[in-house]
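Comments concern the structure below.
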Amino acid sequence: MRTDNAAYVARDLAHVWHPCTQMKDHEHVPLIPIRRGEGAWLEDFEGKRYLDAISSWWVNLFGHANPRINAAVRAQLERLEQVILAGFTHEPVIRLSEALTAVAPAGLTRCFYADNGSSAVEVAVKMSFHYWRNVGRGEKRRFITLSNSYHGETLGALAVGNVELYKDIYRPLLMDVITVPSPDCYERDNGESWAEHTRRKFAHMEAALERHAHESAAVILEPLVQCAGGMRMYDPVYLTLLRAACDRHQVHLIADEIAVGFGRTGTMFACEQAGIRPDLMCLSKGLTAGYLPLSAVLTTEPVYAAFYDEYVKLNAFLHSHSFTGNPLACSAALACLEIFRSDEVLERNRALSARLGERARTLQDHPHVAEVRQRGMIVAAELVRDKAARQPYPWQERRGLAIYRHALARGVLLRPVGNVVYFMPPYVVTPQEIDLMVEVAREGIELATCA
Ligand SMILES: *Cc1c(COP(=O)(O)O)cnc(C)c1O
């Protein structure tokens, strides 16, 4: 049997339907079969290596095949692989809940588990609505969301998100939400600071709350960075203002930290930069250091208490997934949190993010780069046709795809979102690897914008 790349690709394309992919693209865009990973690198079946500059879709934190996480999962595998979490419990889920509530913003003391990010968003949306119903406010059933936001692909998560590319076709299936203009600082006026722009944009949220709070359960947003929306960023003051407004208007604040949690923005959770505690916080992706599917919704005692009652009152949260709180996934998450603690990861990331920012900012001079922006370990460069007018390239031209292909040929996995090239590397990346990914991005941008 052949074991080269082409042999695996042929077998794959005979049966596998890939996510977020026009499968016909694979007639000319190569599919890359990976046989192993180590640290920040992936290796295909012909021995070619790729630097994983996007942490395998933003999930990986401490490298592939990390020996410490491997050991933790292996040890758990010898004891218990899975057990029902209703009526039963296990040590990894108990320890993980203790550990998460210890690192989360104070007051988030209750953990509800699911097995992927979208499901966590579904849980948060249902839990918020159900809370208001249980406290006699069943009319509060709408959700307020930001333009350009992303919260996942299942129908509820898709409904509260706002990336048209993913949402538009399914609109007839989706609940109606209240969408408020994003504080996205790419849109700030000339000379306006991030904080000024962000504050100015908050007026839209304030107006929406004035008008809709009586019928709204929650505001849901991605704190500080709208990742799938093109790594668009805003100032923490938005979260401070939103926390106060949600309290004033009696509406929950749901923080979707699925992408930005676990150190991505420089702090353990992005909400910390505004010193706020959301009412519900969704976690996934980096939760298991990118090892296994797991998600959690953390919430407060008051929310928990609204469901705690005699069975016959039918106030319980009757939501479950088969693999809720899977022990193997919990053991990976525990090993991940242990690495954060013992290796002072947030501290060490400061030097890495400084290096990444400093290198990436050299892309700013390119005639087709409108902006290079950064929040911690997320750095993005926005490509435009016309820099002065900030006129975007038409999406049909797929400039990002040209960069993706160039980077692959050079042994780097970059996967631009539309016209935004970004770096979101695992935290085990070295300064030399950072230089390489930026250099390859520069070449790719040059190639993709020359004609
Ligand atoms: C990835 C993501 C999700 C969805 O998580 P899945 O595990 O892909 O379902 C939700 N919200 C945000 C902010 C994300 O980045």
Original post:
Once you list every other residue whose beta carbon is under 12 Å from the beta carbon of T300, what net charge do they have if Lys and Arg are +1 and Asp and Glu are -1?
Top reply: 0
**OP:** Evaluate E = 1/(1 + (r/R0)^6) for D189 and A10, where r is the Cβ-Cβ distance and R0 equals 51 Å; express this FRET efficiency to the nearest 0.05.
**Re:** 0.45
Subject >> For V417, residues with placed amide H under 5 Å, excluding near neighbours >> reply: Y422
**OP:** Could you please put H15, H321, H130 in sequence from largest to smallest accessible area, using a 1.4 Å probe?
**Re:** H15, H321, H130
Subject >> Cleavage-rule hits, chymotrypsin sites (Phe, Trp or Tyr not before Pro), the stretch 1-100, DSSP coil, Cβ neighbours within 10 Å at most 16 >> reply: W17, F88
Original post:
When the helix-only estimate is applied to the chain (DSSP H runs of n ≥ 4, each -39,500 (n - 2.57), divided by the residue count), what is the mean residue ellipticity at 222 nm, nearest 500 deg cm²/dmol?
Top reply: -11500 deg cm²/dmol
Original post:
When ligands, DNA and RNA are left out and all protein chains stay put, how many square angstrom of accessible area per residue does the stretch 70-343 have with a 1.4 Å probe?
Top reply: 41
Original post:
For the stretch 143-159, what does the Karplus curve 6.51 cos²θ - 1.76 cosθ + 1.60, with θ = phi - 60°, yield as ³J(HN,Hα) per residue in whole Hz, taken in order and with x for Gly and Pro?
Top reply: 10, 9, 9, 9, 4, 6, 8, 9, 10, x, 10, 5, 4, x, 5, 5, 5
Original post:
What are the residues whose amide H is under 5 Å from the amide H of H64, where those residues sit 5 or more places off or on another chain and H is modelled from the backbone?
Top reply: E38, G39, A40, W41
**OP:** Work from the charge dipole of the chain (Cβ charges, +1 for Lys and Arg, -1 for Asp and Glu, about the Cα centre) and give the residue of N148, H366, L287 farthest towards its positive end.
**Re:** N148
Subject >> Sites E46 and S320, calculated FRET efficiency, Cβ-Cβ separation with R0 56 Å, nearest 0.05 >> reply: 0.80
**OP:** Quick one: Debye curve from the alpha-carbon atoms of the stretch 349-451 only, equal weights, vacuum; give me log10 I(q)/I(0) at q = 0.12 Å⁻¹ to two decimals.
**Re:** -0.35
Subject >> Stretch gain in nm, segment E164-A65, where the contour uses 0.36 nm per residue and the Cα spacing is subtracted >> reply: 32.1 nm
Original post:
Across the chain, where is the longest run that never hits GluC sites (Glu not before Pro) in a DSSP loop with at most 16 other C-beta atoms within 10 Å?
Top reply: 193-309
Subject >> Rg and Dmax [Cα atoms of the chain; Å; Rg one decimal, Dmax integer] >> reply: 22.0, 68
Original post:
Ignoring ligands and nucleic acids, what accessible area does H214 show with a 1.4 Å probe (Å², nearest 10)?
Top reply: 110
Original post:
Roughly how many debye, to the nearest 20, is the charge dipole of the chain about its Cα centre, given +1 on each Lys and Arg Cβ, -1 on each Asp and Glu Cβ, and no other charges?
Top reply: 160
Original post:
Which one of L209, T101, V225 has its Cα pushed farthest toward the positive end of the charge dipole of the stretch 70-343, where Lys and Arg give +1 and Asp and Glu give -1 at the Cβ?
Top reply: L209
**OP:** Compute the length gained on full extension between L346 and R171: take 0.36 nm times their separation in residues and subtract their Cα-Cα distance, giving the result in nm to one decimal.
**Re:** 59.0 nm
Subject >> Around A441: net Lys/Arg minus Asp/Glu count, Cβ-Cβ under 15 Å >> reply: -1
Subject >> Lysine pairs with alpha-carbon atoms under 27 Å apart, the chain, spacing 8 or more or separate chains >> reply: 13
**OP:** With a 1.4 Å probe and every protein chain kept in, tell me what percent of the accessible surface of the stretch 70-343 is carbon plus sulfur.
**Re:** 55
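The values are calculated or read from the model by the stated rules, or taken from the named source; none is laboratory data. Keep in mind that this is a model prediction, so the values were computed, not measured. A quick note on method: Cβ atoms are made from the backbone with ideal geometry, for glycine too, and the neighbour counts reach across all protein chains shown. Just the protein is used for accessible areas: all its heavy atoms, side chains included, with ligands, DNA and RNA removed. Shrake-Rupley method; radii C 1.70, N 1.55, O 1.52, S 1.80 Å.
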